[in-house]
Amino acid sequence: MDECFSGPVLEKVQRTDKMRDSIARECLYLNYGKIYDMIRLHRIASAFKFELRSASADTLMNYLGPIKESLYNEFYRQQSDILLNETLRKRNENGIELPESYAGALFKKMIAPYAGKVVFVDFWATTCGPCISGIKQLHATRLEYKNNADFTFLFITAKDESPARQYKSFVKKQELTNTYYLDADEYRYIRELFGINGIPRYIVISKEGRVMNDDFEMHNFRYEIGKYLPQYDHLKNP
């Protein structure tokens, strides 16, 4: 029943926003800049999670539009889109389409060879302890399901975060396949696409190339895989 959100509830959220804007300007002397953008981004996230949690996609976009236009920094405008997409993804079992942007096109090219499979994407680095630990933990699972018809693993790191010698040695020892070793700029674009501020970070891509989950719990892989491939649900009870 989105009609209520096009009326009283949405209006209440917007009134609350105006009140907080007034406090930011008159009490904190904030009106324009990165700190102000951070406050507004937090407010967007809160509204999506609570007051507008049952609103339609159109209502969410109508709510976000004026706020996004008023944001000072391009980074935070991108983050607002990520918040919207994440909210919609959680409601849509079919996932969300990758954007028609440079980063979107770059990522589509990277996953294209695996069309028809669910792809578990691992953002990692040799300089990241938890990344190394997570990859080692799934070594046996990767070998067990290597070249299966339903899913695969894809590994993405950057040259400046994974020195060549360590990278080559680790990839060989862990028998990693489907790896991308990107330059710093390419890696930055891909990370911004998913709003990645820290690694490890795991993304799930559907067989059709849609984003199913941009914060997958890889440490629970055997338990979580059944959500995307029901035929593997038995793995959670080894």
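For the range 160-193, a residue qualifies if it is within 15 Å of Leu106 (Cα to Cα), of a type outside the set (A, V, I, L, M) and surrounded by fewer than 20 Cβ atoms within 10 Å (Cβ to Cβ), and the qualifying residues are Thr179, Tyr180, Tyr181, Asp183, Asp185, Glu186, Arg188, Tyr189, Arg191, Glu192. Of all the residues in the range 137-179, those that are among the aromatic types (Phe, Trp, Tyr) and in contact (Cβ under 8 Å) with a residue 60 or more places away in the chain number 1.
Residues being charged (D, E, K, R) and in contact with a Leu (Cβ under 8 Å, 6 or more places away or on another chain) are entirely absent from the range 224-235.
If only residues of the range 194-238 that are among the polar types (S, T, N, Q) and not in a loop (DSSP other than H, G, I, E, B) are counted, the one that is nearest to Lys109 (Cα to Cα) is Asn213. Looking at the range 213-230, I want the residues that are closer than 11 Å to Val121 by Cα and have a partner that is part of a helix (DSSP H, G or I) with Cβ atoms under 6 Å, at least 6 apart or on another chain. Which pairs are those? Pairs found: Asp214/Phe194; Met218/Gly134.
Note on the range 46-105: among residues that are closer than 20 Å to Ile205 by Cα and among the aliphatic types (A, V, I, L, M), the one that is modelled with the lowest pLDDT is Leu88. Among the residues of the range 1-19, those identified as modelled with pLDDT under 75 and either of a type in the set (Val, Ile, Thr) or surrounded by fewer than 17 Cβ atoms within 10 Å (Cβ to Cβ) (or both) are Met1, Asp2, Glu3, Cys4, Ser6, Gly7, Pro8, Val9. Checking each residue in the range 62-80 for being in contact (Cβ under 8 Å) with a residue 12 or more places away in the chain and crowded, with 16+ Cβ neighbours inside 10 Å picks out Tyr63, Leu64, Ile67, Lys68, Leu71, Tyr76, Gln78, Gln79, Ser80. For the range 160-184, the set of residues classified as aliphatic (A, V, I, L, M) and not in a loop (DSSP other than H, G, I, E, B) consists of Ala164, Val171, Leu182, Ala184, listed by residue number. Applying the set (1) surrounded by fewer than 19 Cβ atoms within 10 Å (Cβ to Cβ); (2) outside any helix (DSSP H, G or I); (3) not aliphatic (A, V, I, L, M) to Thr157 leaves exactly one unmet item: (1).
For beta carbons closer than 7 Å, sequence separation of 6+ or different chains, a first residue in the range 198-211 that is closer than 22 Å to Pro130 by Cα and a second that is modelled with pLDDT of 95 or more and in a loop (DSSP other than H, G, I, E, B), the qualifying pairs are Ile199/Trp124; Ile199/Ala125; Ile199/Cys128; Pro200/Trp124; Pro200/Cys128. For the range 157-176, give me each residue that is more than 25 Å from Leu143 (Cβ to Cβ) and basic (Lys, Arg). Hit for the range 157-176 is Lys159, nothing else.
Of the residues making up the range 57-83, those that are closer than 27 Å to Lys227 by Cβ and touching a Lys or Arg at 6+ places or on another chain (Cβ under 9 Å) are Ala57, Asp81.
The values are calculated or read from the model by the stated rules, or taken from the named source; none is laboratory data. For clarity, every value in this text was computed on a predicted model and none was experimentally measured. All Cβ positions, glycine included, derive from the backbone under ideal geometry; neighbour counts span all protein chains shown.
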